[in-house]
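The values are calculated or read from the model by the stated rules, or taken from the named source; none is laboratory data. Treat the numbers as computed from the prediction; the structure is a model and nothing was measured. All Cβ positions, glycine included, derive from the backbone under ideal geometry; neighbour counts span all protein chains shown.
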Amino acid sequence: MKAPMHEHVEPKDGGFLAFIRRTSWTGRQYNAIRMDQHCLHQEQQKRLRRLLDIARARSPCYRDKFRHLDADCTDLAEFPVTTKTEMMAHFDEVVTDPTVTRAAVERFIADIRNVKEPFLGKYCVAHTSGSQGQPALIVQDQLVLDLLFAFQMTRGNPRFRGLQRFTQAVRNLLHPTRLAVLISQQGFFPSAWIWERLPKFMHRFMRFLFLPANDPDLVAKLNEFSPTVLTATPTTLDLLSLKIDQFHFPSLRQVVTWSETLTEPARRRIAEAFRVPVMDNYAMGECMFLTNGCPTASGSHVNADWVILEVVDEQYQPVPPGQLGHKVLLTNLANTVQPFIRYEIGDRLVMATEPCGCGNHLPRIEKLLGRAADFFWVRTPTGFRPLTAYPFQHAFDYLRDVREWQAEQVERNRVVVRLEPIPGATPDLTTAQNRLDERLAPTGLLPELDICIETVTRLTTDVHTAKFRRMISRVGVPDDLDPSLKNVVRDFALFQA
């Protein structure tokens, strides 16, 4: 069976006609938010059929997994689940391009200088990890990122509504959107890496400022740039809201959050401080365009014309809207080089039961459990400062011998890090320590911390919540912590469902 041709965005960048076509394609991505359920289902089925045909024709792993199903079956409930462990164990058999191999991807991402370069001249690669098992490698083509930025320009833009959408592109050409991105570390981590792979034609519509969240001149640089859109993790934005009097953003139109759970108290504080809509995007490296935040309600709208998100219970049976699921299954309809079909994600969601007041017809995630920022509060000569999971994550994600890690704050400034190796491997603790020191140095907290790194046979879940916790504090929040900072840590505490 011959698989269908790849669904390209439009001709490659170059020339005025190509620019007009790509701009038109970007604008058309808005249309799905007005689709009725029948039309949306048709779009899903068309793209699902194409994805399944390609997977059967070009992926030995999926061909074997689907051999018991009829070739014309598109009922996802009949298809087996795919886990991260399975995906990585059979990586070379999962991908649909035989020139893409796990060994080649690992060599590519081992050199940070490659972060701005396409893998094999045409693919985008990322590296992520999670509590489901060993780190994941993600390969995707440009269509995936074109969709991400198209959705951000249209569905994720509160001003792209009604007749205004027809003049939005012209306004952006005359006055490009100024997007300030606060990141924690450069690398192949999805939240930092995606900005290096922006479609070239988008630079005509947008100007960018990339800043580390701990940049000592953050306030001055942001004020000089004067962003129209500011994007960062909820933790970063909530902490910035405490310094709102130092910022001057006369043209700011919205803030966009990602990566962590945005609680309602934090949303209110951020909205009150910045006085613009707060758009909370929920995504993962396996599907960066999964949702766009809602400007009028909590949660985010699933881009269901290009992705299928199944909320299921422990037995993988569907959970109706309004009820908390045990996990979700992701089917990315755009990525055909590394298909994610019923890919298991450990997040717990509640889908909304009522139509959204913003007018977007796409399904809305009302509540998300399982993603939150954990803090260690560290004593410094100038007071207590928060330490999040990011330095630890960025230090250990690139250690291929490490299956999972956990950091425990046993005393106020003493942390024990435990590394669980991949079976048969022996992590180099000196390398691990050096990587962590490199990531902690920009925070300014390295001199204050006493850190011990050790290996363990197996890391286990929390006995009270049955969830795996990477960050565990035995000393909690300092009694004399400033009350405004207590609000931040309280609202970003680990969710227990």
Restricted to the range 30-75 and to residues being more than 30 Å from F160 (Cβ to Cβ) and acidic (D, E), the residue surrounded by the most Cβ atoms within 10 Å (Cβ to Cβ) is D53
Is it true that D462 is modelled with pLDDT under 80, among the charged types (D, E, K, R) and either assigned to a loop (DSSP other than H, G, I, E, B) or in contact with a Cys (Cβ under 6 Å, 6 or more places away or on another chain) (or both)?
-> yes
Given (1) among the hydrophobic types (A, V, I, L, M, F, W, C); (2) at pLDDT 85 or above; (3) part of a helix (DSSP H, G or I); (4) within 24 Å of M153 (Cβ to Cβ), index of the condition M202 fails = (2)
Somewhere in the range 65-85, is a residue within 25 Å of the chain's Cα centre (by Cα) and either acidic (D, E) or farther than 17 Å from L309 by Cα (or both)?
-> yes
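Matching residues to (1) more than 20 Å from W258 (Cα to Cα); (2) surrounded by fewer than 22 Cβ atoms within 10 Å (Cβ to Cβ):
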{"residue": "M279", "(1), (2)": "no, no"}
{"residue": "Y282", "(1), (2)": "no, no"}
{"residue": "G285", "(1), (2)": "no, yes"}
{"residue": "P318", "(1), (2)": "yes, yes"}
{"residue": "P321", "(1), (2)": "yes, yes"}
{"residue": "K327", "(1), (2)": "no, yes"}
{"residue": "N332", "(1), (2)": "no, no"}
{"residue": "A352", "(1), (2)": "no, yes"}
Residue check: is L399 at pLDDT below 95, under 21 Å from D111 (Cα atoms), crowded, with 19+ Cβ neighbours inside 10 Å and in contact with a Ser or Thr (Cβ under 9 Å, 6 or more places away or on another chain)?
-> yes
Selection from the range 205-221 of residues that are among the aliphatic types (A, V, I, L, M) and buried (at least 16 other Cβ atoms within 10 Å of the Cβ) | M206, L209, L211, A213, L218
Is it true that some residue in the range 255-265 is under 19 Å from the mean Cα position of the chain (by Cα), over 29 Å from K46 (Cβ atoms), aliphatic (A, V, I, L, M) and not in a strand (DSSP E or B)?
-> yes
What residue, among those in the range 22-76 that are without any contact (Cβ under 8 Å) to a residue 40 or more places away in the chain and of a type in the set (D, E), is nearest to I341 (Cα to Cα)?
-> D75
For L368, state whether it is closer than 22 Å to P277 by Cβ and aliphatic (A, V, I, L, M).
-> yes
Considering only the range 298-328, state which residues are closer than 30 Å to P118 by Cβ and out of contact with any helix residue (DSSP H, G or I) (no Cβ under 8 Å at 6 or more places or on another chain).
-> S300, V302, V307, L309, V328
Can you confirm whether the range 20-29 contains a residue that is surrounded by fewer than 12 Cβ atoms within 10 Å (Cβ to Cβ) and modelled with pLDDT under 85?
-> yes
